[in-house]
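Notes follow the structure.
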Amino acid sequence: MARRLDVTGADGVRLTAWDYTPGPTGDDTVDRGAPAPGATGIVPQPGPLRAPVPRPGGHPAPDSRAPQAHQASAPGVLLLHGLMGHAGHWARAVSRLAGGHRLVALDQRGHGASGKPAAGPFTREAYVADAAAVVEQLGLGPVTLVGHSMGALTAWQLAAERPDLVRALVICDMRASALGAASQRAWREWFEGWPAPFPSLEAVHRWFGDEDPWVETPNPARGAFFAEVMTEHADGWRPVFDPEQMLTSRETWVHDAHWDSLAQVRCPTLVVRGLDGELGRAEAQEMVRVLPHGEYAEIPDAGHFLHYECPDAWREAVEPFLNGVLTP
């Protein structure tokens, strides 16, 4: 089972991390035989209108015991999900990694089981400071950071600002170029178009996987991804996050390019993209060129949620890099 680790982020915000490290006997603590993510489970939410239930495709029932000594001595890997995600979205991917790493996934502020302070802040500085606090409090440094989308930007900004904390970096489908004001307006319109509350989890699957105007072709994995971040209220199913907080978080990065901070990353870095993701091949290869120690990998059948959609192919792309940087 995943072990819950409670930590404190910047400004005293309560954060929840999840330790997916295999147990001392070598048995995997992550359920490899779990049903598809989002099939019936939801993300636990502090103070929900109904009690949280286990997530078949995400975190199993949490175990709050402290990590074992053998785990604490293993090289640390911190996984950072993207906007609207949660730590459990990494579960199927990390369950396929070989042993030898201490694998910790963070529910970032405003997401999952972590705090959602009404007043924020939801700035780039806050997200980066939270990640640094987790690395230091859990003794993960020098850590390998694995980030997806927004989490990848947080990871490379931390690597640029605190090279003493970071051993290596994996960037999954995140652009370094500015997206612009039109992109932010489109996201607001998208949130406003959600038919929430949803009457059932099946309706969540159906809308995000097929009926959402942003879906070009039916995508069951996308529907499952969003079903995992819903919780039931008296009037139906709503996201565990506040859409306004998500827009505020996004506002802090979409208007600017991030090439300068990328060029300041001195550790070995792997840039991974899905063939049908948001990061184009030309931009990804330019990111590798800008990085002092950059490498490139591509997953042919994946979209933006590459580690979630194609966990086996993601492992094949990432594991050789991880083993190389974590081997003394």
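Does segment 263-314 hold any residues that are farther than 30 Å from A227 by Cα and of a type in the set (G, A, S), and which are they?
Passing the criteria: A263, A282, G294.
Pairs, please: C-beta under 8 Å, at least 6 apart or cross-chain, first residue over 17 Å from H258 (Cα atoms) and among the aliphatic types (A, V, I, L, M) and in segment 272-296, second part of a loop (DSSP other than H, G, I, E, B) and open to solvent by 30 Å² or more (accessible area, probe 1.4 Å)?
L275/P300; L275/D301
Across segment 93-125, which residue is farthest from L83 (Cα to Cα) among those that are hydroxyl-bearing (S, T, Y) and open to solvent by less than 10 Å² (accessible area, probe 1.4 Å)?
Restricting attention to segment 93-125, the residues satisfying the condition of being hydroxyl-bearing (S, T, Y) are 95, 114, 123.
With open to solvent by less than 10 Å² (accessible area, probe 1.4 Å) added as a condition, the list becomes 95, 114.
Numbers: S95: 22, S114: 14 Å.
Among them, the one singled out is S95.
Scanning segment 280-299 for residues that are in contact with a strand residue (DSSP E or B) (Cβ under 9 Å, 6 or more places away or on another chain) and β-branched (V, I, T), which turns out least open to solvent (accessible area, probe 1.4 Å)?
Ranking the candidates gives I299 first.
Tally the residues that are within 22 Å of R238 (Cβ to Cβ) and either modelled with pLDDT under 95 or of a type in the set (K, R) (or both), restricting the search to segment 178-195.
1
Return the residues of segment 300-324 that are open to solvent by 30 Å² or more (accessible area, probe 1.4 Å) and in a helix (DSSP H, G or I); say none if nothing qualifies.
Residues satisfying the conditions are E309, D312, A313, R315, E316, P320, N323, G324.
For segment 196-236, how many residues are assigned to a strand (DSSP E or B) and more than 13 Å from G85 (Cα to Cα)?
Of the residues in segment 196-236, the ones assigned to a strand (DSSP E or B) are 198, 230-233, 236.
This time we only want the ones that are more than 13 Å from G85 (Cα to Cα), so: 198, 231-233, 236.
Residues meeting the conditions: 5.
Looking at segment 157-166, is at least one residue touching a Cys at 6+ places or on another chain (Cβ under 8 Å), at pLDDT 95 or above and assigned to a strand (DSSP E or B)?
yes
Touching a Gly at 6+ places or on another chain (Cβ under 6 Å) and among the charged types (D, E, K, R): which single residue out of D256, D276 fits that description?
Criteria check complete, one pass: D276.
Those residues that are within 21 Å of W314 (Cβ to Cβ), out of contact with any Lys or Arg (no Cβ under 7 Å at 6 or more places or on another chain) and not in a loop (DSSP other than H, G, I, E, B), I need them from segment 286-299; list them, please.
M287, V288, G294, E295, Y296, A297, I299
Does segment 148-165 include one or more residues that are open to solvent by less than 10 Å² (accessible area, probe 1.4 Å), in contact (Cβ under 8 Å) with a residue 40 or more places away in the chain and more than 17 Å from S249 (Cβ to Cβ)?
yes
Just to be sure I understand, how many residues within segment 195-210 are over 21 Å from L306 (Cα atoms) and without any contact (Cβ under 8 Å) to a residue 40 or more places away in the chain?
Of the residues in that region, 5 qualify.
Can you tell me which residue within segment 242-279, out of those that are in contact with a strand residue (DSSP E or B) (Cβ under 8 Å, 6 or more places away or on another chain) and open to solvent by 20 Å² or more (accessible area, probe 1.4 Å), is modelled with the lowest pLDDT?
L275
Those residues that are under 19 Å from H86 (Cβ atoms) and either among the hydroxyl-bearing types (S, T, Y) or over 16 Å from the mean Cα position of the chain (by Cα) (or both), I need them from segment 127-139; list them, please.
Y127, A133, L138 - these are the residues of segment 127-139 that are under 19 Å from H86 (Cβ atoms) and either among the hydroxyl-bearing types (S, T, Y) or over 16 Å from the mean Cα position of the chain (by Cα) (or both).
Can you tell me how many residues in segment 244-285 are under 23 Å from E319 (Cβ atoms) and assigned to a helix (DSSP H, G or I)?
Going through segment 244-285 one residue at a time, the tally reaches 3.
Consider W214 carefully, then state whether it is more than 28 Å from E298 (Cβ to Cβ) and of a type outside the set (D, E, K, R).
no
The values are calculated or read from the model by the stated rules, or taken from the named source; none is laboratory data. Since the model is a prediction, treat every value here as computed from it, not as a measurement. Cβ coordinates were reconstructed from backbone atoms using ideal geometry, including for glycine residues, and neighbour counts include every protein chain displayed. SASA here: full protein model, heavy atoms, side chains in, ligands and nucleic acids out. Shrake-Rupley method; radii C 1.70, N 1.55, O 1.52, S 1.80 Å.
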